[in-house]
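A.B. asks: This is the structure, below, for whatever I ask next.
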Amino acid sequence: MYKKLLVIHVVFLALAAIDLVAVSFTDFSLRTSWADRFLIWMVLITGIGVFAFFFKKLSIGLKFYFSVYLLYPVLVGCLFWVDKIMFAIVGSLLFAIVTVPTSFYNEGGYDVRQRLGLIGLPEVELIEKKGLMEKYIGALESEKLARKIYNFEIINQIGDSTITVINRKDTFVFVRL
């Protein structure tokens, strides 16, 4: 089986080389472009097959030669993703800068800030500060909240709702979304 697959690989490699020379130096070509592609695919598939199935029988030089057929598509696939990975790294920094929340009130253990998003509507959210961590209490979908908050008081917490009084006159309910 080893010799049959090796002969098939050499035949397809020779046909692909003849086709490449014929296309490069003359006007002669196989009938369709699919025939050219078929030859290249068969060279790749038989090369990967020889490397995968008969790895232990191959000499050092043949191991290097046939490993190219396996590693070349993997290398090309990885290089295809490099630009997308780099964009994700740079884009995530840009996304973090764009979505920095605006703080309306920052006193004691609470923070009232406007959460921004690229897709969603802006919401006002209530955050409780606990050391290095923050606890999300709820969000408010109201545009009535004053931009300047000078007084903030939590009246009651019922389930996932928190009733607050802001600036001693307006009562708002922050709901955990």
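The values are calculated or read from the model by the stated rules, or taken from the named source; none is laboratory data. For clarity, every value in this text was computed on a predicted model and none was experimentally measured. FYI the Cβ positions are ideal-geometry reconstructions off the backbone, even for glycines, and counts take in every protein chain you see.
A.B. asks: Mind checking which residues of segment 82-109 are among the charged types (D, E, K, R) and loosely packed, with under 11 Cβ neighbours inside 10 Å?
C.D. replies: Correct list: ASP83, LYS84.
A.B. asks: State all residues of segment 45-60 that are crowded, with 16+ Cβ neighbours inside 10 Å and either out of contact with any helix residue (DSSP H, G or I) (no Cβ under 7 Å at 6 or more places or on another chain) or in a helix (DSSP H, G or I) (or both); if no residue qualifies, say none.
C.D. replies: Within segment 45-60, THR46, GLY47, ILE48, GLY49, VAL50, PHE51 qualify.
A.B. asks: Another question about this same structure. Among the residues of segment 1-34, write down those that are surrounded by 12 or more Cβ atoms within 10 Å (Cβ to Cβ) and of a type in the set (Asp, Glu).
C.D. replies: Hit for segment 1-34 is ASP19, nothing else.
A.B. asks: Which condition number does SER29 fail, the rest of (1) without any contact (Cβ under 8 Å) to a residue 12 or more places away in the chain; (2) in a helix (DSSP H, G or I); (3) of a type in the set (Ser, Thr, Tyr) being met?
C.D. replies: Failing condition for SER29: (2).
A.B. asks: Suppose we keep only residues that are of a type in the set (Phe, Trp, Tyr) and modelled with pLDDT of 85 or more within segment 65-81. Which one would you say is surrounded by the most Cβ atoms within 10 Å (Cβ to Cβ)? Explain how you work it out, then say what you get.
C.D. replies: Of the residues in segment 65-81, the ones of a type in the set (Phe, Trp, Tyr) are 65-66, 69, 72, 80-81.
Adding the requirement that they be modelled with pLDDT of 85 or more leaves 65, 80-81.
Values: TYR65: 14, PHE80: 9, TRP81: 10.
Step by step, filter segment 65-81, then rank; the result is TYR65.
A.B. asks: Further question on the same structure: Filter segment 128-177 down to the residues that are of a type in the set (Gly, Ala, Ser) and modelled with pLDDT of 70 or more, then identify the one that is nearest to ARG115 (Cα to Cα).
C.D. replies: Residue satisfying both the conditions and the ranking: ALA139.
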